[in-house]
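Notes follow the structure.
The values are calculated or read from the model by the stated rules, or taken from the named source; none is laboratory data. Values in this document were obtained by computation on a predicted structure and should not be read as measured data. Here Cβ is always computed from backbone atoms with ideal geometry, including for glycine, and neighbour counts include all displayed protein chains. The area values use the complete protein model at the heavy-atom level, side chains included, leaving out ligands, DNA and RNA. Shrake-Rupley method; radii C 1.70, N 1.55, O 1.52, S 1.80 Å.
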Amino acid sequence: MQVHHSIESIALHNSWLTIGVFDGVHRGHQAILKTLVRGALETGAPAVVLTFDPHPLSVLRPGHKLEMLTSLEERKAFFEATGVDALIAHPFNVNVASLSAEAFLTQLKMRTGFSHMLVGHDFAMGRNREGDIPHLRKLETRLGFSLHVVQPFINGEAPVSSSRIRSTLREGRVDLAGEMLGRPYQLSGRVVRGEQRGRKIGVPTANLEVPADRLVPAPGVYACRASLAGRTYPAATNIGVRPTFDGQEAPATIEAHLLDFEGEIYGDEVRIAFIRRLRGEHKFDSVDALVAQIRTDVHRTREVLNETVP
């Protein structure tokens, strides 16, 4: 897959194009990408994805806290695995934000020659999001392309969307989020030194430092799979403020107790896949009571992971 960091660096003809942030690359996004790649292959044309870097909200709402489901690098890997031929990670800035939908698509037409454009049912682009589906229909003849609107992927009674997945994760419902993503929600981070309290009570944990713009699920204990140096381990992961030790005012931490593993991994990268929430976080009357609960959490983690297919 070709990767371009501006539309000015690409020169294609008769491409099939889709545009979006595609945060999470969830099952709705996957339907768009699969339709894009299939149509491009059938016509012998390149399949092109245009996304933005940084996220548009970081420019349009600079005080807004981003809670991303995926990094750009993770999205790149998904696009390539789907069969996309070219990715344009176009810089988003105030100048891009001020362009009308027609002006921006005219630039894209010159550089990619797109003949087909695929979008989701709620798509909108351009200044003040003027480029919604009805507006794009008006531009089809003027700019010379065919617009394909891909129907939403329904989970339960509602369409799958990145915002719905975020809400689900904030509630700790990682299993439902996984259904909508088509895979478990994952966080990657570098293992940093903590206060080593877990080690002192016989439950060593890997303290993960994740990017500040990533969404962290609700506080609680989760059954997870941890990937480290090409191997996967069951893991009981705690997200929260460790109230038994620190009280409710301490910063939240992500601590993964890797089962069946021994070794020093400070500085290493660990990826955590969240399978199911076991319980909420609460304060115990004693360390002994906490240790007893952790043993129960470890047992439940093994049970949950044995029930689910990796």
Query raised in the report: Among the residues of segment 205-230, how many are more than 23 Å from ASP23 (Cβ to Cβ) and modelled with pLDDT under 95?
Result: 6
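Please pick out the residue among MET117, MET110, MET125 that is out of contact with any Pro (no Cβ under 8 Å at 6 or more places or on another chain), under 24 Å from GLU8 (Cβ atoms), free of Cβ contacts under 8 Å to residues at least 12 places away in the same chain and not hydroxyl-bearing (Ser, Thr, Tyr). Walk me through how you get there before you give the answer.
Working: MET117 fails: free of Cβ contacts under 8 Å to residues at least 12 places away in the same chain; MET125 fails: free of Cβ contacts under 8 Å to residues at least 12 places away in the same chain.
Sole residue among the options that is out of contact with any Pro (no Cβ under 8 Å at 6 or more places or on another chain), under 24 Å from GLU8 (Cβ atoms), free of Cβ contacts under 8 Å to residues at least 12 places away in the same chain and not hydroxyl-bearing (Ser, Thr, Tyr): MET110.
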Requested in this report: Mind listing whichever residues of segment 29-48 are more than 19 Å from GLU74 (Cβ to Cβ), open to solvent by 10 Å² or more (accessible area, probe 1.4 Å) and in a helix (DSSP H, G or I)?
Outcome: THR35, ARG38, LEU41, GLU42, THR43
Report summary line: Of (1) over 27 Å from GLY44 (Cα atoms); (2) surrounded by 12 or more Cβ atoms within 10 Å (Cβ to Cβ), ALA89 satisfies every one except (1)
Query raised in the report: Can you find even one residue in segment 19-28 that is farther than 19 Å from MET125 by Cα, more than 14 Å from the chain's Cα centre (by Cα) and surrounded by 20 or more Cβ atoms within 10 Å (Cβ to Cβ)?
Result: no
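Got a sec? Which of ARG170, ARG137, ARG142 is in contact with a strand residue (DSSP E or B) (Cβ under 8 Å, 6 or more places away or on another chain), surrounded by fewer than 21 Cβ atoms within 10 Å (Cβ to Cβ) and basic (Lys, Arg)?
Values: ARG170 fails: in contact with a strand residue (DSSP E or B) (Cβ under 8 Å, 6 or more places away or on another chain); ARG142 fails: in contact with a strand residue (DSSP E or B) (Cβ under 8 Å, 6 or more places away or on another chain).
The unique qualifying residue is ARG137.
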Query raised in the report: Is it true that ILE154 is open to solvent by 30 Å² or more (accessible area, probe 1.4 Å) and β-branched (Val, Ile, Thr)?
Result: yes
